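The values are calculated or read from the model by the stated rules, or taken from the named source; none is laboratory data. Bear in mind the structure is a predicted one, so any value in this text is a computation, not a measurement. So basically every Cβ, Gly included, is an ideal-geometry build from the backbone, and we count neighbours across all protein chains shown. With ligands, DNA and RNA removed, areas are computed over all heavy atoms of the protein, side chains included. Shrake-Rupley method; radii C 1.70, N 1.55, O 1.52, S 1.80 Å.
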Amino acid sequence: ERSASRHPLFQTLLVMQNNRRTSLALEGLEVEEYPVDFRVAKFDLSLSVYEEFGQDGDRAGLGGHLEFAEDLFDRSTAERIVRWYAAVLAEMARDGSVRVGRVELLSPGERDQLVEGWNGPRVEAVPASLAGLFEEQAARSPEAPAIVTDEGVTTYAELNARVNRLAHDLVARGVRVEDRVAVLLPRGVDMVVCALAVLKAGAAYVPVDPEFPAERIRYILEDARPRVVLDEDLVGRMDLTARSAANPESVGCAGAGAVQVLYTSGSTGRPKGVTVTGGALVNLLMSVKRDLPFTEHDRFLASTTFGFDISSIEIYLPLVCGGATVLVTREDLLDPRRLAGMVSTHGVTHMQATPSLWSTLLEAGIDLSGVHVVTGGEPATPELVRALASAARGVTNGYGPTETTVYSTVCRLSADDPVTIGTAIDNTRVYVLDGALAPVPVGVAGELYIAGAGVVRGYHERPGLTAGRFVADP
(Lines give C-alpha, C1' and ligand atoms only; values in the text may rest on other atoms or scores of the structure.)
Protein backbone atom coordinates (compact mmCIF):
# COMPACT_ATOMS: atom_id res chain seq x y z
CA GLU A 1 0.00 0.00 0.00
CA ARG A 2 1.46 3.34 -1.05
CA SER A 3 2.60 5.74 1.65
CA ALA A 4 4.03 9.23 1.35
CA SER A 5 6.16 8.65 4.44
CA ARG A 6 8.70 6.36 2.75
CA HIS A 7 10.33 5.53 -0.57
CA PRO A 8 7.83 3.36 -2.46
CA LEU A 9 10.25 0.57 -3.48
CA PHE A 10 12.86 0.26 -0.75
CA GLN A 11 14.17 2.12 2.28
CA THR A 12 17.77 0.91 2.53
CA LEU A 13 20.47 0.84 -0.14
CA LEU A 14 23.86 -0.88 -0.26
CA VAL A 15 26.22 0.16 -3.07
CA MET A 16 29.50 -1.66 -3.67
CA GLN A 17 31.85 0.62 -5.64
CA ASN A 18 34.37 -1.93 -6.90
CA ASN A 19 35.72 -0.09 -9.95
CA ARG A 20 39.19 1.38 -9.77
CA ARG A 21 39.21 5.10 -9.21
CA THR A 22 40.64 7.19 -12.02
CA SER A 23 42.05 10.69 -11.98
CA LEU A 24 40.67 13.28 -14.36
CA ALA A 25 43.46 14.84 -16.44
CA LEU A 26 42.74 17.84 -18.67
CA GLU A 27 45.48 19.42 -20.76
CA GLY A 28 46.50 22.79 -19.43
CA LEU A 29 44.34 22.51 -16.26
CA GLU A 30 44.91 21.44 -12.68
CA VAL A 31 41.96 19.31 -11.43
CA GLU A 32 41.05 18.39 -7.89
CA GLU A 33 37.96 16.76 -6.39
CA TYR A 34 35.47 18.98 -4.63
CA PRO A 35 33.22 17.11 -2.18
CA VAL A 36 29.56 18.01 -2.47
CA ASP A 37 27.33 17.69 0.59
CA PHE A 38 23.71 17.69 -0.51
CA ARG A 39 22.45 17.60 3.13
CA VAL A 40 19.53 15.47 1.97
CA ALA A 41 19.18 11.72 2.56
CA LYS A 42 17.55 10.10 -0.45
CA PHE A 43 16.74 6.94 1.55
CA ASP A 44 16.35 5.97 5.21
CA LEU A 45 19.82 4.38 5.14
CA SER A 46 22.29 4.37 2.27
CA LEU A 47 25.63 2.58 2.68
CA SER A 48 28.35 3.05 0.07
CA VAL A 49 31.35 0.74 0.27
CA TYR A 50 34.36 0.95 -2.00
CA GLU A 51 37.63 -0.88 -2.41
CA GLU A 52 40.83 0.96 -1.60
CA PHE A 53 44.11 0.31 -3.38
CA GLY A 54 47.71 0.98 -2.44
CA GLN A 55 50.26 2.82 -4.55
CA ASP A 56 51.34 -0.50 -6.01
CA GLY A 57 47.81 -1.22 -7.14
CA ASP A 58 47.17 -3.97 -4.58
CA ARG A 59 43.90 -4.06 -2.66
CA ALA A 60 44.22 -2.21 0.67
CA GLY A 61 40.84 -2.94 2.22
CA LEU A 62 37.42 -1.32 2.20
CA GLY A 63 36.28 2.19 2.91
CA GLY A 64 32.80 3.62 2.93
CA HIS A 65 30.26 5.99 4.36
CA LEU A 66 26.71 5.75 5.72
CA GLU A 67 24.08 8.31 4.81
CA PHE A 68 21.06 8.37 7.13
CA ALA A 69 17.83 10.31 7.49
CA GLU A 70 18.12 12.45 10.63
CA ASP A 71 14.37 12.45 11.24
CA LEU A 72 14.52 8.65 11.67
CA PHE A 73 17.93 7.96 13.24
CA ASP A 74 20.06 9.62 15.88
CA ARG A 75 23.71 10.04 14.98
CA SER A 76 24.63 7.65 17.81
CA THR A 77 22.41 4.99 16.24
CA ALA A 78 24.01 5.45 12.84
CA GLU A 79 27.46 5.19 14.42
CA ARG A 80 26.46 1.94 16.15
CA ILE A 81 25.26 0.51 12.80
CA VAL A 82 28.60 1.36 11.21
CA ARG A 83 30.49 -0.17 14.12
CA TRP A 84 28.48 -3.40 13.96
CA TYR A 85 28.87 -3.68 10.19
CA ALA A 86 32.61 -3.21 10.50
CA ALA A 87 32.67 -5.93 13.19
CA VAL A 88 30.88 -8.37 10.86
CA LEU A 89 33.32 -7.67 8.03
CA ALA A 90 36.38 -7.96 10.28
CA GLU A 91 35.20 -11.26 11.79
CA MET A 92 34.38 -12.79 8.41
CA ALA A 93 37.68 -11.63 6.99
CA ARG A 94 39.40 -13.38 9.89
CA ASP A 95 37.34 -16.58 9.57
CA GLY A 96 35.45 -17.09 6.33
CA SER A 97 33.64 -20.15 7.70
CA VAL A 98 31.86 -18.34 10.54
CA ARG A 99 28.08 -18.10 10.36
CA VAL A 100 26.75 -14.55 10.17
CA GLY A 101 24.50 -15.23 13.16
CA ARG A 102 27.52 -16.24 15.24
CA VAL A 103 29.44 -13.01 14.69
CA GLU A 104 29.74 -11.14 17.99
CA LEU A 105 28.57 -7.57 17.44
CA LEU A 106 28.75 -6.47 21.06
CA SER A 107 31.85 -5.25 22.80
CA PRO A 108 32.43 -6.71 26.28
CA GLY A 109 31.16 -3.47 27.81
CA GLU A 110 27.99 -3.45 25.69
CA ARG A 111 27.27 -7.09 26.50
CA ASP A 112 27.72 -6.50 30.22
CA GLN A 113 25.37 -3.52 30.06
CA LEU A 114 22.66 -5.55 28.31
CA VAL A 115 22.99 -8.65 30.48
CA GLU A 116 23.66 -7.07 33.88
CA GLY A 117 23.46 -3.29 33.85
CA TRP A 118 19.85 -2.98 32.69
CA ASN A 119 18.49 -5.89 34.70
CA GLY A 120 16.81 -6.04 38.08
CA PRO A 121 18.80 -5.81 41.31
CA ARG A 122 19.86 -8.99 43.04
CA VAL A 123 18.56 -8.81 46.59
CA GLU A 124 18.43 -11.32 49.39
CA ALA A 125 15.22 -13.33 49.23
CA VAL A 126 12.71 -12.83 52.04
CA PRO A 127 12.60 -16.19 53.87
CA ALA A 128 9.04 -15.78 55.17
CA SER A 129 5.95 -17.08 53.41
CA LEU A 130 3.10 -14.85 52.29
CA ALA A 131 0.92 -16.22 55.08
CA GLY A 132 3.73 -15.61 57.56
CA LEU A 133 4.15 -11.99 56.43
CA PHE A 134 0.41 -11.44 56.88
CA GLU A 135 0.59 -12.98 60.36
CA GLU A 136 3.44 -10.67 61.34
CA GLN A 137 1.55 -7.63 60.09
CA ALA A 138 -1.59 -8.68 61.98
CA ALA A 139 0.48 -8.82 65.17
CA ARG A 140 1.89 -5.33 64.52
CA SER A 141 -1.40 -3.59 63.71
CA PRO A 142 -4.30 -5.74 64.96
CA GLU A 143 -6.86 -2.91 65.02
CA ALA A 144 -5.96 -1.37 61.67
CA PRO A 145 -8.35 -1.85 58.74
CA ALA A 146 -7.34 -4.84 56.60
CA ILE A 147 -10.31 -5.16 54.24
CA VAL A 148 -12.75 -2.37 53.45
CA THR A 149 -16.08 -2.90 51.67
CA ASP A 150 -19.29 -0.93 51.37
CA GLU A 151 -20.65 -3.17 54.14
CA GLY A 152 -17.93 -2.35 56.66
CA VAL A 153 -14.34 -2.79 57.80
CA THR A 154 -12.53 -5.98 58.79
CA THR A 155 -9.50 -5.39 61.01
CA TYR A 156 -6.27 -7.35 60.85
CA ALA A 157 -7.11 -9.12 64.11
CA GLU A 158 -10.59 -10.09 62.90
CA LEU A 159 -9.31 -11.26 59.54
CA ASN A 160 -6.46 -13.27 61.05
CA ALA A 161 -8.82 -14.98 63.53
CA ARG A 162 -11.24 -16.01 60.76
CA VAL A 163 -8.38 -17.23 58.60
CA ASN A 164 -6.91 -19.27 61.44
CA ARG A 165 -10.20 -21.02 62.28
CA LEU A 166 -10.68 -22.06 58.68
CA ALA A 167 -7.04 -23.12 58.30
CA HIS A 168 -7.40 -25.45 61.32
CA ASP A 169 -10.59 -26.84 59.80
CA LEU A 170 -8.89 -27.51 56.46
CA VAL A 171 -6.05 -29.36 58.16
CA ALA A 172 -8.65 -31.44 60.01
CA ARG A 173 -10.22 -32.28 56.65
CA GLY A 174 -6.93 -33.75 55.50
CA VAL A 175 -5.46 -30.80 53.57
CA ARG A 176 -1.69 -31.15 53.48
CA VAL A 177 1.30 -29.18 52.18
CA GLU A 178 0.99 -28.40 48.46
CA ASP A 179 -2.45 -29.95 48.15
CA ARG A 180 -4.80 -27.97 45.93
CA VAL A 181 -7.95 -26.36 47.29
CA ALA A 182 -10.41 -24.66 44.95
CA VAL A 183 -11.91 -21.34 46.03
CA LEU A 184 -15.17 -20.99 44.13
CA LEU A 185 -16.73 -17.94 45.74
CA PRO A 186 -18.12 -14.55 44.67
CA ARG A 187 -16.09 -11.44 45.41
CA GLY A 188 -16.16 -10.66 49.11
CA VAL A 189 -14.38 -11.02 52.43
CA ASP A 190 -15.04 -14.79 52.48
CA MET A 191 -13.06 -15.13 49.26
CA VAL A 192 -9.98 -13.54 50.85
CA VAL A 193 -10.42 -15.50 54.09
CA CYS A 194 -10.53 -18.80 52.19
CA ALA A 195 -7.45 -18.01 50.10
CA LEU A 196 -5.37 -17.03 53.13
CA ALA A 197 -6.61 -20.04 55.09
CA VAL A 198 -5.50 -22.37 52.31
CA LEU A 199 -2.06 -20.71 52.39
CA LYS A 200 -1.82 -21.06 56.18
CA ALA A 201 -2.68 -24.75 55.83
CA GLY A 202 0.36 -25.06 53.56
CA ALA A 203 -1.67 -25.78 50.44
CA ALA A 204 -2.13 -23.99 47.11
CA TYR A 205 -5.48 -22.46 46.20
CA VAL A 206 -7.12 -22.58 42.79
CA PRO A 207 -9.28 -19.47 42.26
CA VAL A 208 -12.42 -20.21 40.23
CA ASP A 209 -14.86 -17.46 39.31
CA PRO A 210 -18.44 -18.69 39.87
CA GLU A 211 -19.44 -16.51 36.89
CA PHE A 212 -17.41 -18.75 34.57
CA PRO A 213 -19.39 -20.97 32.18
CA ALA A 214 -20.25 -24.32 33.76
CA GLU A 215 -18.08 -26.20 31.26
CA ARG A 216 -15.01 -24.12 32.14
CA ILE A 217 -15.57 -24.59 35.88
CA ARG A 218 -15.97 -28.35 35.38
CA TYR A 219 -12.77 -28.54 33.33
CA ILE A 220 -10.71 -26.59 35.90
CA LEU A 221 -11.92 -28.75 38.79
CA GLU A 222 -11.29 -31.96 36.87
CA ASP A 223 -7.82 -30.82 35.83
CA ALA A 224 -6.75 -29.36 39.21
CA ARG A 225 -8.21 -32.26 41.26
CA PRO A 226 -8.52 -30.20 44.46
CA ARG A 227 -8.80 -32.01 47.78
CA VAL A 228 -11.51 -29.55 48.88
CA VAL A 229 -13.77 -27.16 46.95
CA LEU A 230 -14.64 -24.11 49.04
CA ASP A 231 -17.91 -22.95 47.46
CA GLU A 232 -20.84 -21.03 48.90
CA ASP A 233 -22.62 -24.24 49.90
CA LEU A 234 -19.70 -25.66 51.91
CA VAL A 235 -18.61 -22.35 53.45
CA GLY A 236 -22.21 -21.58 54.44
CA ARG A 237 -22.51 -24.93 56.27
CA MET A 238 -19.24 -24.64 58.17
CA ASP A 239 -19.42 -24.07 61.92
CA LEU A 240 -15.98 -22.81 62.86
CA THR A 241 -16.79 -21.52 66.33
CA ALA A 242 -15.09 -24.52 67.95
CA ARG A 243 -11.93 -24.08 65.91
CA SER A 244 -8.94 -22.27 67.41
CA ALA A 245 -8.32 -18.65 66.44
CA ALA A 246 -4.60 -19.07 67.21
CA ASN A 247 -2.02 -19.09 64.44
CA PRO A 248 -1.34 -22.61 63.10
CA GLU A 249 2.12 -24.05 63.67
CA SER A 250 2.72 -23.96 59.93
CA VAL A 251 2.71 -20.53 58.28
CA GLY A 252 2.41 -21.67 54.69
CA CYS A 253 4.80 -22.49 51.90
CA ALA A 254 7.84 -20.32 51.22
CA GLY A 255 10.49 -20.67 48.56
CA ALA A 256 9.65 -23.24 45.91
CA GLY A 257 6.42 -24.41 47.56
CA ALA A 258 3.24 -23.93 45.52
CA VAL A 259 0.72 -21.31 46.70
CA GLN A 260 -1.49 -20.71 43.66
CA VAL A 261 -2.64 -22.53 40.55
CA LEU A 262 -3.98 -19.93 38.13
CA TYR A 263 -5.86 -21.03 35.04
CA THR A 264 -5.27 -18.93 31.94
CA SER A 265 -6.96 -19.25 28.58
CA GLY A 266 -3.87 -20.75 26.96
CA SER A 267 -2.81 -20.41 23.34
CA THR A 268 -5.24 -23.17 22.30
CA GLY A 269 -8.21 -21.65 24.12
CA ARG A 270 -8.28 -24.44 26.70
CA PRO A 271 -7.45 -23.32 30.24
CA LYS A 272 -4.00 -24.28 31.49
CA GLY A 273 -2.94 -24.28 35.11
CA VAL A 274 0.12 -22.25 36.05
CA THR A 275 1.64 -23.03 39.43
CA VAL A 276 2.99 -20.01 41.32
CA THR A 277 5.48 -20.54 44.13
CA GLY A 278 5.50 -18.79 47.47
CA GLY A 279 8.99 -17.38 46.97
CA ALA A 280 8.06 -15.92 43.58
CA LEU A 281 4.95 -14.20 44.94
CA VAL A 282 6.78 -12.73 47.95
CA ASN A 283 9.60 -11.52 45.70
CA LEU A 284 7.05 -9.73 43.51
CA LEU A 285 5.28 -8.08 46.45
CA MET A 286 8.50 -6.86 48.06
CA SER A 287 9.72 -5.38 44.77
CA VAL A 288 6.41 -3.70 43.91
CA LYS A 289 6.13 -2.36 47.47
CA ARG A 290 9.30 -0.34 46.86
CA ASP A 291 8.70 0.57 43.23
CA LEU A 292 5.20 2.03 43.68
CA PRO A 293 5.79 2.71 46.67
CA PHE A 294 3.13 1.35 49.07
CA THR A 295 2.96 1.93 52.86
CA GLU A 296 0.69 1.27 55.83
CA HIS A 297 -1.13 4.53 55.09
CA ASP A 298 -2.24 3.43 51.61
CA ARG A 299 -5.34 1.68 50.28
CA PHE A 300 -5.43 -0.49 47.16
CA LEU A 301 -8.68 -0.92 45.23
CA ALA A 302 -9.12 -4.63 44.45
CA SER A 303 -11.04 -4.53 41.19
CA THR A 304 -9.48 -7.38 39.23
CA THR A 305 -11.07 -10.80 38.80
CA PHE A 306 -9.77 -13.10 41.55
CA GLY A 307 -8.51 -15.67 39.05
CA PHE A 308 -6.46 -13.07 37.14
CA ASP A 309 -2.82 -12.98 38.27
CA ILE A 310 -2.62 -9.22 38.94
CA SER A 311 -5.30 -9.53 41.64
CA SER A 312 -2.53 -10.89 43.90
CA ILE A 313 -1.00 -7.41 44.08
CA GLU A 314 -4.30 -5.72 44.93
CA ILE A 315 -5.20 -8.18 47.70
CA TYR A 316 -1.88 -9.18 49.26
CA LEU A 317 0.34 -6.12 48.89
CA PRO A 318 -1.73 -4.12 51.44
CA LEU A 319 -1.93 -7.12 53.80
CA VAL A 320 1.85 -7.47 54.06
CA CYS A 321 2.43 -3.70 54.33
CA GLY A 322 -0.19 -2.75 56.92
CA GLY A 323 -2.42 -0.96 54.43
CA ALA A 324 -5.99 -1.82 53.47
CA THR A 325 -7.56 -3.68 50.56
CA VAL A 326 -10.73 -1.98 49.30
CA LEU A 327 -12.71 -4.90 47.92
CA VAL A 328 -15.32 -4.22 45.27
CA THR A 329 -18.19 -6.49 44.26
CA ARG A 330 -19.06 -7.75 40.80
CA GLU A 331 -21.88 -5.19 40.69
CA ASP A 332 -19.33 -2.42 41.32
CA LEU A 333 -17.19 -3.68 38.45
CA LEU A 334 -20.11 -3.55 36.02
CA ASP A 335 -20.84 0.11 36.79
CA PRO A 336 -17.90 2.46 36.03
CA ARG A 337 -19.52 5.39 37.85
CA ARG A 338 -20.10 3.27 40.93
CA LEU A 339 -16.50 2.07 40.79
CA ALA A 340 -15.29 5.65 40.44
CA GLY A 341 -17.35 6.60 43.48
CA MET A 342 -15.66 3.96 45.63
CA VAL A 343 -12.28 5.51 44.89
CA SER A 344 -13.23 8.78 46.58
CA THR A 345 -15.54 7.29 49.23
CA HIS A 346 -12.91 4.92 50.64
CA GLY A 347 -9.80 7.06 50.16
CA VAL A 348 -8.16 4.79 47.59
CA THR A 349 -4.49 5.67 46.96
CA HIS A 350 -3.60 2.91 44.47
CA MET A 351 -5.61 1.31 41.70
CA GLN A 352 -4.74 -1.16 38.99
CA ALA A 353 -6.62 -1.78 35.74
CA THR A 354 -6.21 -2.69 32.11
CA PRO A 355 -5.88 0.19 29.61
CA SER A 356 -9.37 -0.51 28.28
CA LEU A 357 -10.89 -0.17 31.77
CA TRP A 358 -8.87 2.99 32.44
CA SER A 359 -10.30 4.51 29.28
CA THR A 360 -13.82 3.69 30.46
CA LEU A 361 -13.19 5.11 33.93
CA LEU A 362 -11.73 8.34 32.55
CA GLU A 363 -14.86 8.75 30.42
CA ALA A 364 -16.94 8.19 33.57
CA GLY A 365 -15.20 11.16 35.21
CA ILE A 366 -13.22 9.29 37.87
CA ASP A 367 -11.19 11.53 40.21
CA LEU A 368 -7.61 10.23 40.23
CA SER A 369 -5.93 13.26 41.74
CA GLY A 370 -4.89 11.30 44.84
CA VAL A 371 -4.38 7.95 43.17
CA HIS A 372 -1.27 6.22 41.87
CA VAL A 373 -2.52 4.22 38.89
CA VAL A 374 -1.07 0.96 37.62
CA THR A 375 -1.77 -0.26 34.11
CA GLY A 376 -1.08 -3.73 32.77
CA GLY A 377 -2.52 -6.73 31.00
CA GLU A 378 -2.72 -4.92 27.65
CA PRO A 379 -0.50 -2.47 25.74
CA ALA A 380 -1.06 1.13 26.86
CA THR A 381 -1.21 3.83 24.18
CA PRO A 382 0.73 7.09 24.53
CA GLU A 383 -2.60 8.96 24.45
CA LEU A 384 -3.94 6.99 27.43
CA VAL A 385 -0.70 7.45 29.40
CA ARG A 386 -0.83 11.21 28.82
CA ALA A 387 -4.43 11.30 30.02
CA LEU A 388 -3.63 9.24 33.12
CA ALA A 389 -0.49 11.25 33.89
CA SER A 390 -2.43 14.51 33.83
CA ALA A 391 -5.24 13.09 35.99
CA ALA A 392 -3.36 10.94 38.55
CA ARG A 393 -0.53 11.49 41.01
CA GLY A 394 1.55 8.78 39.38
CA VAL A 395 1.48 6.16 36.63
CA THR A 396 3.22 2.78 36.60
CA ASN A 397 3.15 0.36 33.69
CA GLY A 398 3.66 -3.32 34.47
CA TYR A 399 4.42 -6.22 32.16
CA GLY A 400 4.65 -9.95 32.62
CA PRO A 401 2.83 -13.18 31.77
CA THR A 402 1.25 -15.36 34.44
CA GLU A 403 4.09 -17.83 33.96
CA THR A 404 6.57 -15.31 35.35
CA THR A 405 4.41 -14.35 38.36
CA VAL A 406 2.40 -11.27 37.37
CA TYR A 407 4.87 -8.46 36.63
CA SER A 408 8.42 -9.12 35.53
CA THR A 409 9.10 -5.48 34.63
CA VAL A 410 7.72 -2.15 35.79
CA CYS A 411 8.12 1.41 34.54
CA ARG A 412 7.15 4.78 36.01
CA LEU A 413 5.73 6.93 33.23
CA SER A 414 5.11 10.62 32.72
CA ALA A 415 3.11 12.38 30.02
CA ASP A 416 6.17 12.86 27.81
CA ASP A 417 7.76 9.42 28.25
CA PRO A 418 7.66 6.72 25.58
CA VAL A 419 5.52 3.80 26.74
CA THR A 420 7.85 0.91 27.55
CA ILE A 421 7.67 -2.23 29.68
CA GLY A 422 10.41 -0.79 31.89
CA THR A 423 13.12 -2.68 33.74
CA ALA A 424 13.17 -5.97 35.62
CA ILE A 425 11.93 -6.31 39.19
CA ASP A 426 14.13 -7.77 41.95
CA ASN A 427 15.96 -11.03 41.24
CA THR A 428 14.64 -11.14 37.69
CA ARG A 429 16.53 -11.19 34.41
CA VAL A 430 15.01 -9.97 31.16
CA TYR A 431 16.82 -10.48 27.86
CA VAL A 432 16.06 -9.61 24.24
CA LEU A 433 17.62 -12.46 22.25
CA ASP A 434 18.01 -13.48 18.64
CA GLY A 435 17.21 -16.87 17.14
CA ALA A 436 20.50 -18.28 18.44
CA LEU A 437 19.66 -17.09 22.00
CA ALA A 438 22.34 -14.39 21.90
CA PRO A 439 21.63 -10.85 23.18
CA VAL A 440 20.71 -8.44 20.41
CA PRO A 441 22.33 -4.99 20.32
CA VAL A 442 20.51 -1.83 21.40
CA GLY A 443 17.71 -0.91 19.03
CA VAL A 444 17.50 -4.37 17.44
CA ALA A 445 14.30 -6.40 17.60
CA GLY A 446 14.24 -9.88 19.12
CA GLU A 447 12.32 -12.22 21.39
CA LEU A 448 11.88 -11.46 25.08
CA TYR A 449 13.17 -14.04 27.55
CA ILE A 450 12.50 -13.83 31.27
CA ALA A 451 14.41 -15.73 33.93
CA GLY A 452 14.69 -15.51 37.68
CA ALA A 453 12.69 -15.75 40.86
CA GLY A 454 9.23 -15.63 39.33
CA VAL A 455 9.64 -17.91 36.31
CA VAL A 456 7.71 -21.17 36.48
CA ARG A 457 10.27 -23.92 36.15
CA GLY A 458 9.80 -26.23 33.20
CA TYR A 459 7.34 -23.95 31.46
CA HIS A 460 9.55 -23.55 28.39
CA GLU A 461 12.24 -25.84 27.11
CA ARG A 462 14.57 -22.93 26.50
CA PRO A 463 16.05 -20.78 29.30
CA GLY A 464 13.16 -18.41 29.81
CA LEU A 465 9.85 -17.53 28.24
CA THR A 466 9.25 -16.38 24.69
CA ALA A 467 6.70 -13.60 24.87
CA GLY A 468 6.82 -11.71 21.58
CA ARG A 469 8.88 -9.20 19.65
CA PHE A 470 10.70 -6.54 21.66
CA VAL A 471 13.54 -4.08 21.21
CA ALA A 472 16.49 -3.73 23.55
CA ASP A 473 16.75 -0.19 24.88
CA PRO A 474 17.95 1.44 28.13
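Observations
- Scanning the range 410-421 for residues that are open to solvent by less than 30 Å² (accessible area, probe 1.4 Å) and either free of Cβ contacts under 8 Å to residues at least 60 places away in the same chain or among the charged types (D, E, K, R) (or both), we see that the one that is nearest to Ala256 (Cα to Cα) is Cys411.
- Residue match in the range 33-55 (condition: more than 38 Å from the chain's Cα centre (by Cα), closer than 22 Å to Ala93 by Cα and exposed (fewer than 10 other Cβ atoms within 10 Å of the Cβ)): yes
- In the range 319-340, the residues that are surrounded by 17 or more Cβ atoms within 10 Å (Cβ to Cβ), modelled with pLDDT under 95 and part of a helix (DSSP H, G or I): Asp332, Pro336, Leu339, Ala340
- Of all the residues in the range 406-463, those that are at pLDDT 85 or above, closer than 25 Å to Gly394 by Cβ and assigned to a loop (DSSP other than H, G, I, E, B) number 14.
- Among the residues of the range 356-370, those that are buried (at least 19 other Cβ atoms within 10 Å of the Cβ) and within 21 Å of the chain's Cα centre (by Cα) comprise Leu357, Trp358.
- Complete set of residues in the range 162-188 that are more than 15 Å from Leu240 (Cβ to Cβ), acidic (Asp, Glu) and open to solvent by less than 50 Å² (accessible area, probe 1.4 Å): Asp179
- Screening Leu281, Leu262, Leu285, Leu240 for residues that are touching a residue at least 60 places away in the same chain (Cβ under 8 Å), touching a Lys or Arg at 6+ places or on another chain (Cβ under 7 Å) and crowded, with 16+ Cβ neighbours inside 10 Å leaves exactly one candidate, Leu240.
Here's the yes/no breakdown for (1) in contact (Cβ under 8 Å) with a residue 12 or more places away in the chain; (2) within 18 Å of Val442 (Cα to Cα):
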residue: Phe43; (1), (2): yes, no
residue: Ser46; (1), (2): yes, no
residue: Tyr50; (1), (2): yes, no
residue: Gly54; (1), (2): no, no
residue: Ala60; (1), (2): no, no
residue: Leu72; (1), (2): yes, yes
residue: Arg75; (1), (2): no, yes
residue: Glu79; (1), (2): no, yes
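- Selection status of Glu70, assigned to a loop (DSSP other than H, G, I, E, B) and either exposed (fewer than 15 other Cβ atoms within 10 Å of the Cβ) or under 50 Å from the mean Cα position of the chain (by Cα) (or both): yes
- Every residue from the range 92-106 that is under 33 Å from the mean Cα position of the chain (by Cα) and open to solvent by less than 50 Å² (accessible area, probe 1.4 Å): Val103, Leu106
- Residue check, Leu89 part of a helix (DSSP H, G or I) and more than 33 Å from the chain's Cα centre (by Cα): yes
- Considered as a group, the residues in the range 133-161 that are open to solvent by 40 Å² or more (accessible area, probe 1.4 Å) and touching a Ser or Thr at 6+ places or on another chain (Cβ under 8 Å) include one that is farthest from Gly202 (Cα to Cα), and that residue is Asp150.
- Those residues of the range 360-384 which are within 23 Å of Asp209 (Cβ to Cβ) and either among the hydroxyl-bearing types (Ser, Thr, Tyr) or outside any helix (DSSP H, G or I) (or both), in sequence order: Thr360, Val374, Thr375, Gly376, Gly377, Glu378
- Flag for Ser312 being of a type in the set (S, T, N, Q), more than 20 Å from Val123 (Cα to Cα) and surrounded by fewer than 22 Cβ atoms within 10 Å (Cβ to Cβ): no
- The residues of the range 189-210 that are more than 27 Å from the chain's Cα centre (by Cα), in contact (Cβ under 8 Å) with a residue 60 or more places away in the chain and open to solvent by 20 Å² or more (accessible area, probe 1.4 Å) amount to a single one, Val189.
- In the set (1) at pLDDT below 90; (2) within 26 Å of Pro439 (Cα to Cα); (3) out of contact with any Pro (no Cβ under 6 Å at 6 or more places or on another chain); (4) of a type outside the set (Val, Ile, Thr), Leu105 fails one condition alone, (3).
- Pairs linking a residue in the range 2-28 that is surrounded by 10 or more Cβ atoms within 10 Å (Cβ to Cβ) to a residue that is among the aliphatic types (A, V, I, L, M), with Cβ atoms under 6 Å and 6 or more positions apart or on different chains, are Thr12/Leu45; Leu14/Leu47; Met16/Val49.
- Gly279 being assigned to a strand (DSSP E or B) and over 16 Å from the mean Cα position of the chain (by Cα): no
- Screening Val274, Val251 for residues that are more than 30 Å from Val343 (Cα to Cα) and either out of contact with any helix residue (DSSP H, G or I) (no Cβ under 7 Å at 6 or more places or on another chain) or not in a loop (DSSP other than H, G, I, E, B) (or both) leaves exactly one candidate, Val274.
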